[in-house]
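Remarks on the structure that follows.
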Protein chains: 4
Amino acid sequence: MGRCHANAFRAVAGLFDLPLEPKLTILADATDDLARRGADALGFARFTADWQALIDDPEVGIVAITAPNLLHAPISMAAIAAGKTVYCEKPLSTTAASALEMTEAAEAAGVITMVGFNFLRNPMIRLAREIITSGEIGDITGFRGRHAENYMASPDAPHSFRTDPAGGGALTDIGSHITSMARYLAGPITEVIADCQTIFPTRPVAPGHTRRAPVQVDDMTHALLRFENGAAGSIEANWAATARTLDLSWEITGTRGALAFSQERMNELHLWSGTRGRNGYTRIEAGPDHPPYGAFCPAPGHHLGFNDLKVIEVAELIAAHAGTENPGPDFREAYEVQRSIEAMQRSARSGAWVKL
Amino acid sequence: MGRCHANAFRAVAGLFDLPLEPKLTILADATDDLARRGADALGFARFTADWQALIDDPEVGIVAITAPNLLHAPISMAAIAAGKTVYCEKPLSTTAASALEMTEAAEAAGVITMVGFNFLRNPMIRLAREIITSGEIGDITGFRGRHAENYMASPDAPHSFRTDPAGGGALTDIGSHITSMARYLAGPITEVIADCQTIFPTRPVAPGHTRRAPVQVDDMTHALLRFENGAAGSIEANWAATARTLDLSWEITGTRGALAFSQERMNELHLWSGTRGRNGYTRIEAGPDHPPYGAFCPAPGHHLGFNDLKVIEVAELIAAHAGTENPGPDFREAYEVQRSIEAMQRSARSGAWVKL
Amino acid sequence: MGRCHANAFRAVAGLFDLPLEPKLTILADATDDLARRGADALGFARFTADWQALIDDPEVGIVAITAPNLLHAPISMAAIAAGKTVYCEKPLSTTAASALEMTEAAEAAGVITMVGFNFLRNPMIRLAREIITSGEIGDITGFRGRHAENYMASPDAPHSFRTDPAGGGALTDIGSHITSMARYLAGPITEVIADCQTIFPTRPVAPGHTRRAPVQVDDMTHALLRFENGAAGSIEANWAATARTLDLSWEITGTRGALAFSQERMNELHLWSGTRGRNGYTRIEAGPDHPPYGAFCPAPGHHLGFNDLKVIEVAELIAAHAGTENPGPDFREAYEVQRSIEAMQRSARSGAWVKL
Amino acid sequence: MGRCHANAFRAVAGLFDLPLEPKLTILADATDDLARRGADALGFARFTADWQALIDDPEVGIVAITAPNLLHAPISMAAIAAGKTVYCEKPLSTTAASALEMTEAAEAAGVITMVGFNFLRNPMIRLAREIITSGEIGDITGFRGRHAENYMASPDAPHSFRTDPAGGGALTDIGSHITSMARYLAGPITEVIADCQTIFPTRPVAPGHTRRAPVQVDDMTHALLRFENGAAGSIEANWAATARTLDLSWEITGTRGALAFSQERMNELHLWSGTRGRNGYTRIEAGPDHPPYGAFCPAPGHHLGFNDLKVIEVAELIAAHAGTENPGPDFREAYEVQRSIEAMQRSARSGAWVKL
């Protein structure tokens, strides 16, 4: 992820017309040696094994955090204290409580924050939100979404930070993406009930080990959601979905139309709008009419890839840092996502609906 | 639906090699006049306004019931008492209790019963079950299904038997299809929790009326399911799904593969089975390798239509009547579906999981 | 094909509101025995081994011809002479010259004729023609079509009437379907050049034989077409298309929009019409807005199958016989298709464009 | 295109593990001012208005040519003379004769050459070639391809270098892509006949002008092809394909299987391989099993975009420059493509097949 960030920062100036040109000033890692090698490989000017030094560096305006999840809070708090713009990977923190603390600190300090929910950067997702907001598909009645992948579909996929009871599990890891998208498109979630399932009760303790240890997190979660606007629906988070690699998909239904999307075909948005005898989903293809597609290619048909979403994110980060409006998601929004996830986890333990 | 049955009975002998040839002997309807006109239009030899007379008719071997739901029970009970084969449209009855009574009567009498869950007759659905049963996709871990249509998507679609609190609502009307399919493919359901939503609080009292009355049934239900085999999943029943006409669709995931299907493309079954570098869903197209497709056409590529599913159902009914094994779904299975639906409705009222 | 006709005649009255109800009066076949068995199996009242007797039968109003291609001409000529309505399977005859003779005889006698290009009966194909005729997609500029199947894709698929130099080959057998569709949608063809290829130089002389004989017909033909309206395009006819079972597909481009279709998804028509930011193909699904879909089901989503196309054809035949306008294709149109095919064959031999 | 190259050169080191790291040494443009601004915007160290100076620069190892087509030959010849690696955008030159001269010069000098047919860099296209080469789909019998876009679909799209009779037209501009792909997958083309059509006889003389001048190039070409391996097929090049933005698509049929692809879904390759009862196209999704996908992301599901293809091209160029095998396409291959295009144009004028 560090490399992905560095590549995006390097690429962005060649594609976007930015108010400021980013420089890869200084890279921090756990040891001097790791930091030196990282800086070399990724093209940073300097390096340090002390992340506080990075934050204190007067040349640094934006602190980008791709450290392990446990470090998101302390690094963010320090960066906020230093008045820096903070760009943090999701999840914002390992608990909603800590995420709220970070959010309140950032808001009190007035610093700019952004969290890496990069799937929201897709021009097709923005088009979806514009269509919804404009009322084109009427009042939203239903949302049905899913984030399904197969990276843990083998019972022999080992334990890792992903299966750590503190902040691990499919719902936290990828369910956060479909939750953030549900909020982005259908608005605040008010009530949830979830069923968290551990498909494989044990996994190897580490890569290459035959010794197995119990799994304490979910491999698959299905949840029912109710939204503030009266809509209802369901989501699934599943990292053992054998047939899927990035099925971050949804259908959102309104009283006059509907939209459907899958990350598997990320350059397409399907819009249904009824015309007698012509009813049907229209497959809208990403193109220059859908900003910021045009930054990548002035002609339609030249599809964006996954890495381009990170470049868009970084472009918006830099613009926000330079003073334009922050499109988010900021720490507040990331906290709301995390709070929704924790409510689902709580409902799965209690077997009852949880209000947000 | 009466016409659909009659057409299927008439068509079946030209397509299937049957042990018995069906005759449209006698049609019963509410009045002599309706019955006469029905018999004329549909090609029945005789007619009656007294359904008991139809049942008592010695020439009648199979009693096909397409009467209003409230009449399913009394007509079935009479037909069972008379030792006739009973072919009943879904839902079997208006309550699970009544459906159980019918089931026990039929089993005690040893009569053959069949219920019109015609979507199960699709050769692609059978292929799916064979693939699952064979172990080809491993142990089943997840089921995600949906039956979404838009026939009640307008707030001005009026009240009718569909919105009658006794036996109405989207979950009962079409949720039964996806529930029967879930059971057919993933096995018995052991626990459910549902969220039943009424999208339009009032509807016109009848077609063409401006006066509106409250709606007491669900327009849309999302439910979480747990299965006896350990799998978990979700279903949706939605008759206000603006963009959908017959999205009876599902994905079923196993530890070694997966299957996906939508009635919108009913001649295709998608099978995922992993081969390094060649991973992906294979779109299997219905053909002579998938019985009973060959009854309709000896060559592949000549797709079946919706009405053909009813013809298959009738062919299997006749074969069962003539003594071959009954592939079902029989009354017992229809009762189990209904019981699952009622459990979902109960869970929606209580906000808690319901065990079956 | 005889059975397919009989089934369609039997089914049609239950589905369509017809001015006349068809009766399966008399069946003719090569021998008394074959005819008797056919009549029994298909439900004809009588049978004969003398097709002239069938034609002379005063109860017979419509003569349906599914005999071998060589007999199409003599039976048709006799039926025309007797003033009967003639319903003939494609190809109309084994040569365009003979087809023209039949056409002129029918026109002189004023009898009603219809030829079994059943793919044209699809409600989606009619919708396509209506959209084109209305000018909705502007002036037609291009047509790109194909009929690809795999029934002869094995080098061991044996010789049969299909490989008979008189009237055989992929272009004649299935190329006629895409040619008739090209004419139906884009209008008369004025100039052609084709490349006819024999992929397998020999085939077994008959099923189960190891002895092989040379193949003198095409397995695959690609052709360039020019249309009277100025459009240009290409078609392919291929019975050795390994991956295809009924890829009768096309895209037709106009100056303001386009349409695309494949028989593999015969209930869908794709319409492109440009709206800034919403450009894309709309997948129109067959439904009651697209006659005569409603004859099969009053609700959308209940797809038609291949056999239903034959039922539509027969409904239109009966209506034409009873005096309504004949929608065709009649003998004249079938002759034009055949003439286009022969021109392609001639161009393949000469290596030069052929004008029609 | 210059910007696209620069971005690719800048991005490549962050993604690929390269033997050499590229530097953007010097940019040449028509005037000092243009060159200065280009160098600034794209991050080149120096600039010049004299391309010969760039070639002579001892720090320059690779000369990348994105100049107007007329300049490809002189710049290439000079770079070859200087012993530099030459990386030229397609078309290699404005005539096949000139392209051959350039090819022979490069081969005589032993310099490394590469031409920007970037669609060939797609991991899915390489997978296709590997599958074909391995014999997995048997002997190739047919190729059916297309490159259709709509950037000239309006009659008011003005004249430009694209419509210049020297080197313009749809066949040259985009037909070269589908021709290069046909050669890459199905091998050398031996015989062609084409139909070149000008859909809009006049176009505005320049953007914003109302005065119109005749168009002397094709808007749409359909062609029949024969291949050295005995296969046959067709291609279309169409820049007035109203409904298409980048339909660079094809199906290639072998005696045991088939492959299908469209650039509209560039991360998917469809492979048909027959297994009784399981026949169908498998949608293979790009992933780490398909090099060099892994350079962009170690996990599957993270799709590549159009710009990533250019990065792959540049990575291969640098590797070839550093001494690994040149995967091409080199000048020789680009010449062969151009020769095929010219043969099609000649055949369109003569109305006769042209041998290559």
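Legend: P(r) of the stretch B:2-118 from all alpha carbon pair distances, 10 Å bins from 0, whole percents, reading 14, 45, 34, 7.
For the options B:76, B:154, B:180, a Gaussian network treatment of chain B with springs between C-alpha atoms closer than 10 Å singles out B:154 as fluctuating the most. Entry note, chain B: relative contact order of 21 percent, from Cα contacts under 8 Å with a spacing of 6+ residues. In chain B, the beta carbon lying closest to the axis that superposes B onto D belongs to the residue given here with its whole-angstrom distance, B:282, 2. Among the residues of B:187-196, the average count of other protein chain beta-carbon atoms within 10 Å of the residue beta-carbon is 2. Within the same chain, lysines fewer than 8 places from residue D:90 are excluded, and of the rest, those with a Cα less than 21 Å from its Cα are D:310.
Along the stretch A:121-136 the Karplus relation, 6.51 cos²θ - 1.76 cosθ + 1.60 evaluated at θ = phi - 60°, assigns HN-Hα couplings of 7, 4, x, 6, 6, 5, 4, 4, 5, 4, 4, 5, 4, 6, x, 4 Hz to successive residues, with x for each Gly and Pro. Kirkwood-type hydrodynamic radius, the stretch C:300-356: 14.3 Å, calculated from all non-identical alpha-carbon pairs.
Rolling a 1.4 angstrom probe over the protein heavy atoms with all chains in place gives chain D an accessible area of 36 Å² per residue.
Sorted from closest to farthest, the other copies place their residue B:324 label points 3.8, 6.0, 6.8 nm away, with each point set 7 Å from Cα along Cα→Cβ. Per residue of peptide B:282-289, the mean number of Cβ atoms on other chains within 10 Å of the residue Cβ is 6.
Between C and D, buried accessible area from a 1.4 angstrom probe totals roughly 3000 Å², ignoring ligands, DNA and RNA. Convex hull volume of the C-alpha atoms in the stretch B:83-133, normalised per residue: 107 Å³. Under the convention that each Lys and Arg Cβ holds +1 and each Asp and Glu Cβ holds -1, the size of the dipole of the protein assembly as shown around its Cα centre is about 0 debye.
When Rg and the Kirkwood Rh are both derived from Cα coordinates, the Rg/Rh ratio for chain C amounts to 0.97. Computed from Cα atoms alone, the Kirkwood hydrodynamic radius reported for the protein assembly as shown is 34.5 Å. For residue D:202, the amide hydrogen comes within under 5 Å of the amide hydrogens of D:215, counting only partners 5 or more places away or on other chains and with H modelled in the peptide plane. The accessible-area ordering, largest first, of the residues B:330, C:308 stands as B:330, C:308, per a 1.4 angstrom probe. About the centre of its Cα atoms, chain B shows a dipole size close to 860 debye [charges on the beta carbon of Lys, Arg (+1) and Asp, Glu (-1) only; nearest 20 debye]. Taking the charge dipole of the stretch B:2-118 about its Cα centre, with +1 at Lys and Arg Cβ atoms and -1 at Asp and Glu Cβ atoms, the residue from B:87, B:73, B:38 reaching farthest to the positive side is B:38. Most simply put, the stretch C:2-118 has about 0% antiparallel DSSP beta bridges, counting only bridges with both residues inside it.
In percent, rounded to a whole number, the relative contact order of the stretch D:2-118 is 18, using alpha-carbon pairs under 8 Å and six or more apart. Between copies, residue C:107 shows label-point distances of 6.0, 7.2, 8.3 nm, shortest first, with the point placed 7 angstrom from Cα along Cα to C-beta. Between C:164, C:218, C:247, the GNM of chain C built on Cα springs shorter than 10 angstrom shows C:164 fluctuating the most. What FRET efficiency comes out for residue B:70 versus residue C:21 if R0 is 35 angstrom and r is the Cβ-Cβ distance? Round to the nearest 0.05. It comes to 0.50. Counting only DSSP beta bridges with both residues in chain A, the antiparallel share comes to about 70 percent.
Mean partner shielding of peptide A:219-225, defined as the number of other chain Cβ atoms within 10 Å of each residue Cβ, is 5.
Along the axis of the charge dipole computed for chain B (Cβ charges of +1 for Lys and Arg, -1 for Asp and Glu, origin at the Cα centre), the listed residues B:307, B:215, B:53 are led at the positive end by B:215. Note on chain B: GNM, Cα springs under 10 Å; of B:84, B:23, B:310, the largest mean-square fluctuation is that of B:23. Across the identical copies, the 7 Å label point of residue C:298, projected outward along Cα→Cβ, sits 4.0, 5.8, 6.2 nm from its counterparts, in ascending order. Rounded to the nearest 20 debye, the dipole size of the stretch B:1-142 about its Cα centre is 380 debye, using +1 on the Cβ of Lys and Arg and -1 on the Cβ of Asp and Glu. Which residues, if any, in the stretch A:253-272 have at least 30 Å² less accessible area in the whole protein complex than in the isolated chain, probe 1.4 Å? Flagged in the stretch A:253-272: A:253, A:255, A:264, A:265, A:272. The helix-based estimate of mean residue ellipticity at 222 nm for the protein assembly as shown, built from -39,500 (n - 2.57) per DSSP H run of four or more residues and divided by its residue count, is -10500 deg cm²/dmol to the nearest 500. Computed across the stretch A:182-337, the Kirkwood hydrodynamic radius from all distinct Cα-Cα pairs reaches 19.2 Å. Share of carbon and sulfur in the accessible area of the stretch B:2-118 stands at 55%, probe radius 1.4 Å. The calculated FRET efficiency for the pair residue D:205 and residue C:95, based on their C-beta separation and a Förster distance of 51 Å, comes to about 0.45.
The values are calculated or read from the model by the stated rules, or taken from the named source; none is laboratory data. In this text, all values refer to a predicted model and were calculated from it rather than measured experimentally. A quick note on method: Cβ atoms are made from the backbone with ideal geometry, for glycine too, and the neighbour counts reach across all protein chains shown. Surface areas here come from the heavy atoms of the whole protein model, side chains and all, with no ligands, DNA or RNA. Shrake-Rupley method; radii C 1.70, N 1.55, O 1.52, S 1.80 Å.
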